[in-house]
Amino acid sequence: MTQRTIFRAIAQAMLLVLSSLALTSTAVARDSIEVVGSSTVYPFSTVVAERYGRSSGKPTPKIESTGSGGGMKLFCSGVGSNYPDITNASRRIKMSEFKKCQSNGVTEVVEVQIGYDGIVIANSVEADLIQLTRKDIFLALAAKVPAATKGELMDNPYNTWQEVNPALPNITIEVMGPPPTSGTRDAFAELGLEGGCKMIPWIKAMKKTNKSAYKALCHTVREDGKYIEVGENDNLIVQKLQANPAALGVFGFSFLDQNADKVQGAMIESVEPNFDSIADKSYPISRPLFFYIKKAHVGVVPGIKGYLHEFTSERAWGDDGYLAEKGMIPLPTKERRAMAESTRSLQAMTGNEALK
């Protein structure tokens with residue numbers, strides 16, 4: 001056995017001891033569940049927490065909207081009373097985050113896919129409905145776009161939607177959306193911006209020859225004021241759209257569904273964002289939703305199993321469950337039942353599931 005191997009074994013043993021001590025303090029210091037993460041999953045998690053609190057008579061779990069990236073950072077920082085038990089995410093955990101969890105003693109993480117959501121680009125119901133393609137979205141919001149000469153790029157020069165596409169209205173590009181810490185932003189970059197980016201053949205070819213340059217081009221949002229970061233509060237975007245009918249906003253479908261009297265979702269490639277089009281994935285900007293459980297806290301922080309049971313019950317996430325009423329698109333029945341079983345048995349991730 002090499003000296004390095006011995007030191008590594010000692011370090012891992014010490015980490016396990018520290019984790020055990022931290023968990024002991026958890027049992028003493030905290031008697032309620034703490035959940036952080038995605039602003040998109042936040043309303044679903046909140047209603048489950050309220051139902052669980054009322055039905056069980058136990059403390060209602062504390063739900064905090066920190067964004068998917070912010071939630072992962074907190075969740076993976078360690079075990080014990082100072083760290084959350086569950087984190088919500090509007091995209092899958094990244095490999096870098098999973099490794100961070102492992103290095104900080106969060107060695108068993110349970111992944112739960114709860115359903116689907118669409119990312120909508122909405123405007124006020126007082127304005128005309130806009131119809132976009134993913135290429136329009138890329139050209140309007142990317143930091144760099146194709147120049148007149150094939151193979152060359154330029155800083156985004158477009159000021160109006162009509163400059164992007166003559167079929168679009170002659171209004172200034174002004175899009176309000178989430179910051180980089182948001183899973184909605186990650187998914188919007190991947191499905192919306194990159195979805196349009198790869199419609200340009202010579203850029204699509206870059207993915208095979210220079211993947212890092214391709215991703216940087218397709219995922220980087222312009223910073224000249226046309227895209228406005230509004231924070232993790234999607235309700236604030238809805239309010240701002242009401243005040244400014246010329247602007248567009250980016251957020252999850254559930255916020256559109258709950259504010260249909262105030263905002264309307266743009267059609268993307270002639271597909272309306274609605275319950276059915278997101279469920280069957282015909283809507284081009286659709287994504288899965290998740291939450292992640294720190295297995296080491298189960299049985300130590302009271303109530304986690306009860307909360308999970310409530311979340312994965314048919315009354316909550318079934319086709320006619322109360323989460324569907326809130327705008328979440330449930331998993332198909334077979335997938336949902338399998339996910340409920342693996343969740344309740346606390347089947348930990350291997351790491352292969354994480355985003356590379």
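For the reader, a short list of remarks on this structure follows.
- Search result, residues across region 113-131 that are surrounded by fewer than 22 Cβ atoms within 10 Å (Cβ to Cβ) and not charged (D, E, K, R): Gln113, Tyr116, Ser124, Val125, Ala127, Leu129, Ile130, Gln131
- Any chance Pro273 is touching a Ser or Thr at 6+ places or on another chain (Cβ under 9 Å), of a type outside the set (Phe, Trp, Tyr), under 16 Å from Ile137 (Cβ atoms) and assigned to a loop (DSSP other than H, G, I, E, B): yes
- Every condition in (1) more than 16 Å from Met199 (Cβ to Cβ); (2) surrounded by 14 or more Cβ atoms within 10 Å (Cβ to Cβ) holds for Leu139 except the one numbered (1).
Yes/no per residue for (1) at pLDDT 95 or above; (2) within 16 Å of Ile285 (Cα to Cα); (3) touching a Cys at 6+ places or on another chain (Cβ under 9 Å):
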{"site": "Phe75", "(1), (2), (3)": "yes, no, yes"}
{"site": "Lys100", "(1), (2), (3)": "yes, no, yes"}
{"site": "Ser103", "(1), (2), (3)": "yes, no, yes"}
{"site": "Val109", "(1), (2), (3)": "yes, no, yes"}
{"site": "Gln113", "(1), (2), (3)": "yes, no, no"}
{"site": "Ile137", "(1), (2), (3)": "yes, yes, no"}
{"site": "Leu141", "(1), (2), (3)": "yes, yes, no"}
{"site": "Thr149", "(1), (2), (3)": "no, no, no"}
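- Within region 175-226, the only residue that satisfies the criterion of being aromatic (Phe, Trp, Tyr) and crowded, with 20+ Cβ neighbours inside 10 Å is Phe188.
- Residue within region 107-121 that is closer than 30 Å to Lys73 by Cα, outside any strand (DSSP E or B), in contact (Cβ under 8 Å) with a residue 40 or more places away in the chain and in contact with a strand residue (DSSP E or B) (Cβ under 9 Å, 6 or more places away or on another chain) present: yes
- Subset of region 281-305 (residues that are more than 19 Å from the chain's Cα centre (by Cα) and open to solvent by 20 Å² or more (accessible area, probe 1.4 Å)): Ser282, Lys295, Ala296, Val298, Gly299, Val300, Pro302, Lys305
- Filtered residues of region 227-277 (kept if closer than 26 Å to Cys197 by Cα, over 22 Å from the mean Cα position of the chain (by Cα) and either acidic (Asp, Glu) or open to solvent by 50 Å² or more (accessible area, probe 1.4 Å) (or both)): Glu269, Ser270
- Evaluating Tyr158 against the criteria (1) in contact with a Leu (Cβ under 9 Å, 6 or more places away or on another chain); (2) open to solvent by less than 50 Å² (accessible area, probe 1.4 Å); (3) within 29 Å of Asp117 (Cα to Cα) leaves one unmet condition, (3).
- The set of residues from region 297-339 being closer than 21 Å to Thr40 by Cβ and aliphatic (A, V, I, L, M) comprises Leu308, Ala316, Leu323, Ala324, Met328, Ile329, Leu331, Met339.
- Residues located in region 70-106, provided they are part of a helix (DSSP H, G or I) and surrounded by fewer than 22 Cβ atoms within 10 Å (Cβ to Cβ): Gly70, Lys73, Leu74, Met95, Ser96, Lys99, Lys100, Gln102, Ser103
- So Gln131, is it out of contact with any Phe, Trp or Tyr (no Cβ under 9 Å at 6 or more places or on another chain), under 25 Å from Gly252 (Cα atoms) and touching a residue at least 12 places away in the same chain (Cβ under 8 Å): yes
- Within region 182-191, one or more residues are touching a Cys at 6+ places or on another chain (Cβ under 8 Å) and in a helix (DSSP H, G or I).
- Pair list, Cβ under 8 Å, 6 or more apart: region 138-161 residue free of Cβ contacts under 8 Å to residues at least 60 places away in the same chain and within 16 Å of Pro201 (Cβ to Cβ), other residue open to solvent by 50 Å² or more (accessible area, probe 1.4 Å) and assigned to a loop (DSSP other than H, G, I, E, B): Val145/Pro157; Pro146/Glu152
- Meets criteria (out of contact with any strand residue (DSSP E or B) (no Cβ under 8 Å at 6 or more places or on another chain), open to solvent by 20 Å² or more (accessible area, probe 1.4 Å) and small (Gly, Ala, Ser)) for Ala148: yes
- Within region 163-192, residues that are within 16 Å of Val145 (Cβ to Cβ) reach partners that are assigned to a helix (DSSP H, G or I) and among the charged types (D, E, K, R) with beta carbons closer than 9 Å, at six or more positions or on different chains, in the pairs Val164/Lys135; Val164/Asp136; Asn165/Lys135; Asn165/Asp136; Leu168/Asp136; Ile173/Glu163; Gly192/Arg134.
The values are calculated or read from the model by the stated rules, or taken from the named source; none is laboratory data. The structure displayed is predicted, hence computed values, not measured ones. Glycine also receives a Cβ, built like all others from the backbone with ideal geometry; neighbour counts cover every protein chain displayed. Note: areas computed on protein heavy atoms with side chains; ligands, DNA, RNA excluded. Shrake-Rupley method; radii C 1.70, N 1.55, O 1.52, S 1.80 Å.
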